[in-house]
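Take a look at the structure below.
Each reported figure results from applying straightforward, stated rules to the coordinates on display, with no laboratory input. Here the structure is a predicted model, which is why all the values come from computation and not from measurement. A quick note on method: Cβ atoms are made from the backbone with ideal geometry, for glycine too, and the neighbour counts reach across all protein chains shown.
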Ligand code: NAD
């Protein structure tokens, strides 16, 4: 028996609205049959369209009766979702709402995220994702991603093969030991790979079916989690040393076998492992660490933009970092490379970068320095430098970059001293979340009499000082990693190199307009993020071709190829 379509259920035209990618074809594309029907189809978030299944699809795919009769458009569904999200009182409730949508209907999720990126990004990633991770086990509804523990040792390949999608191109992996600025959250850190990959798709255009979040659950040393009966990770202390390294090694090898085309991004590892693993694998596989290299790239872009305001060259800057961890050393290393590209020797470039850690100034008199700090342990004759104010007075930096995770370290005296030393001091308060920022935008502008060039890790509102409106830039890694990922995936790069991050920084800085700079904004608006990511991807792809790292032939029109590759959150017609 065939069922006749009732007249009122007209087939909606899917929305193709998009700012910068031409709609590929107006014809129905029926090459995307989901391969499942009925209730199974409604439960597959990658293919589910919910009430937007047309009557014809409902007939052919065994969906009749399983949905309310009226057919919605994607636009109408998105309107419903955003209205409901806005009705929620707390950001955490909004985070949970969006996560549930991701579990039901990915196309709709990405439609809502891309159409409202500035509003939604802080809800699905920092700062809200931090709370989401802290409460992961208590909020838990449905599993997402892969968990790998020491009990799978010898069988990690099989675990990877359990993942239902075979063409994985981007993996984000964490071991949960340093989740944002929140410390060891063990398996509850899974919110980070999930959230980060959502941004790869929403900002970069990596198809969601090609992404895979992974947590290496190597235990946790967080006593609160170990005692929590609801905690969902292994309630055991972390494995370390050889046992840890062997597990990571097997995991890396298994990824190469099961997902040979995948970019493997390490995320939120504690810094003793982050630096080591990056060094170990960066020349062997296609991998990078966003906490080190992505942060460096977005900050270098901020320095380039600031230079357009101050008319100083990068090589004119003397940078004092408050903090000497993943972010700080990553930025320092990339800045040194960029200064060398502008003519300095490595020694000259390093001499322009100074670091403070939790103990004191990183210098040659110290005998307690970790390996990653040693290149910056300069000799000097300033005598003891016990605190940041003393360091500012001794070193006379042009730029102060806060990446220690310690709130309010840029005191009134320090900002005033920076303003006394420099006509236009650079003050980057990058520690997250907002409550950990080294100073607020208001403090930076008002204590420097409006002369500071400021940016932060977490967003600060626009500030008006003496009649001038300042728009504080947010040095968000999301400007960089989605574009780098897209570029690497587009050309099948064999490696990810620092040169790619330097070029990504340059490409990002070029997209900052004179209008942005007039307001003190060092980055373009996030609303342009898909266009920004495509430009960064192009710059990264150029490096891949130049360095012979690409595995696919160079297309005639690289920019168009990249734009065409970007996933669009639009429904496909299945029948
Ligand atoms: P990390 O743990 O690797 O490094 C922290 C560093 O700060 C260490 O060197 C530590 O010795 C130092 N430190 C701690 N207390 C200090 C004190 N009182 N005085 C001076 N130094 C002190 O962490 P990380 O990955 O480098 O991240 C640091 C901060 O940077 C975090 O708040 C993180 O959110 C932020 N961050 C921001 C961005 C961004 O804005 N795009 C990106 C990455 C990290």
- Item | Highest to lowest packing among 276-283, 248-255, 157-164, scored as the average C-beta count within 10 Å | 248-255, 276-283, 157-164
- Note on the structure: Going from the fewest other Cβ atoms within 10 Å to the most, one would list 95, 304, 545, 110 as 545, 304, 110, 95
- Under the rule rounded for a/c under 1.5, else prolate if a/b exceeds b/c, else oblate, using alpha carbon gyration tensor axes a ≥ b ≥ c, the stretch 238-315 is classed as prolate
- Burial order of peptide ranges 426-439, 310-323 (average beta-carbon count within 10 Å, highest first): 426-439, 310-323
- In the P(r) worked out for the chain, what percent of Cα pairs fall beyond 32 Å? 47
- Counting only DSSP beta bridges with both partners in the chain, the antiparallel fraction in percent, to the nearest 5, comes to 10
- Packing-ranked peptide list from 378-389, 333-344, highest mean Cβ count within 10 angstrom first, is 333-344, 378-389
- Task: Please tell me the relative contact order of the stretch 31-113 in percent, rounded to the nearest whole number, where contacts are Cα pairs under 8 Å and at least six residues apart.
- Result: 37
- Message: Restricting to Cα pairs below 8 Å that are 6+ residues apart, what does the relative contact order work out to for the chain? Please round to a whole percent.
- Response: 14
- Item | Shape of the stretch 283-344, Cα gyration tensor, a/c cut at 1.5 | prolate
- Message: Under 8 Å for C-alpha pairs, at least 6 residues apart: give me the relative contact order for the stretch 298-390, rounded to a whole percent.
- Response: 25
- Task: May I ask for the distance between the Cα centers of the stretch 378-400 and the stretch 504-522, given as a whole number of Å?
- Result: 30
- Message: Between the stretch 260-296 and the stretch 107-128, how far is it from one alpha carbon centroid to the other, in angstrom?
- Response: 26
- Alpha-carbon centroids, the stretch 439-490 and the stretch 202-233: separation in whole Å: 29
